[in-house]
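Laboratory data are not the source of any read-out in this text; all were calculated from the coordinates shown. None of the values given here were measured: they were computed from a predicted structure. Note: ideal-geometry Cβ built from the backbone for every residue, glycine included; neighbour counts use all protein chains shown.
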C-alpha cells in the first residue's frame, strides 16, 4: 500500500481563480493518477501522471484547464485553472502499484463560488 | 470495451444483518477486479482484489467477494454489518492494455440500528 496526503483538504475559491492541489506519497511510485468526483457521482479519471513523461489526459480534459506537474517519484500537483462553479468537486490523487492496484489520497474538496 | 455495472444505487440494512452488494463486469478474459469503500468525506480505501486463483477472496473489515465467471459477477458480502460500514462502495475493473481502472457508479449503504 502507500500513505498518500493531499493539500489542501478543502477550499472555497472564487470564479476565475486557480487552485493547485498537492499530492505527496510516502514512497517512490511511477504511476500517479488524478480523478474528479462530482457531487454524488463516481470517479472520473482526469489524467495519468507518470514521472519522466508528460501527463496523459482523458477525453474531455485538457492541459490548459488542468495542468499537472510530476517533478519526482513522490510528488505531483494538479492545478484547476480559471475555475467556474462546475469545477466544484472532490479531486483525488492515487498511485498505481501494478496489476491495476491503486491507492488513493483523502481527496481535496473544492467549492467554487 | 470493459464496463462495470452496480445495479443498486442505494441499499439499506439493519445493523447485524448480512449484506451483498452486486457488481457485474463486461470483459472477455479474466479481469482484475476490485472493491473500494469511501466513507463520508474520505478518499477511497481498497477492500479487496481478485486477479486469479481462488474465486472467493477475503478482504479487510470482514468483507469477502466471490468471482463468478459464468455470471460475470464479483459481488461483495459481509455476514454481519456494523453501523460503521455505512459508506459508498465502488466496484472497479482494470482496463485492458492500460494502467487504468474503470469504476462502477457506486452503491450507497445505509445502516440502521
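Across peptide A:94-102, the average count of Cβ atoms from other chains found within 10 Å of a residue's Cβ is 5.
Each pair of Cα atoms in chain B enters the Kirkwood radius, and Stokes-Einstein at 25 °C and 0.890 mPa s then converts it into a translational diffusion coefficient of 174 µm²/s. Which of these, A:27, A:59, A:76, has the largest mean-square fluctuation under a Gaussian network model of chain A (Cα springs below 10 Å)? Result: A:59 has the largest fluctuation of those listed. What is region B:1-44 by shape, rounded, prolate or oblate, if you read a ≥ b ≥ c off the alpha carbon gyration tensor as root eigenvalues and call it rounded for a/c under 1.5, prolate for a/b larger than b/c, and oblate otherwise? Prolate, since a/c reaches 1.5 and a/b exceeds b/c. Considering every alpha-carbon pair of region A:1-56, the percent of pairs per 5 Å bin, from zero through the bin containing the longest distance, is 4, 14, 18, 27, 22, 10, 4, 0. Of all the options B:58, B:45, B:71, the one that moves most in a Gaussian network model of chain B with Cα springs shorter than 10 angstrom is B:71. Take the Cβ-Cβ distance between residue A:82 and residue B:84 as r, set R0 to 35 Å, and report the resulting FRET efficiency rounded to the nearest 0.05. The computed FRET efficiency comes out at 0.30. Given axes a ≥ b ≥ c from the Cα gyration tensor, I'd like to know whether chain A is rounded (a/c under 1.5), prolate (a/b larger than b/c) or oblate. Since a/c reaches 1.5 and a/b is larger than b/c, the shape of chain A is classed as prolate.
Here the scattering of the protein assembly as shown is modelled by Debye summation over its C-alpha atoms, one equal scatterer each and no solvent; at q = 0.18, 0.19 Å⁻¹ the log10 of I(q)/I(0) is -1.33, -1.43. Of all the options A:20, A:77, A:48, the one that moves most in a Gaussian network model of chain A with Cα springs shorter than 10 angstrom is A:20.
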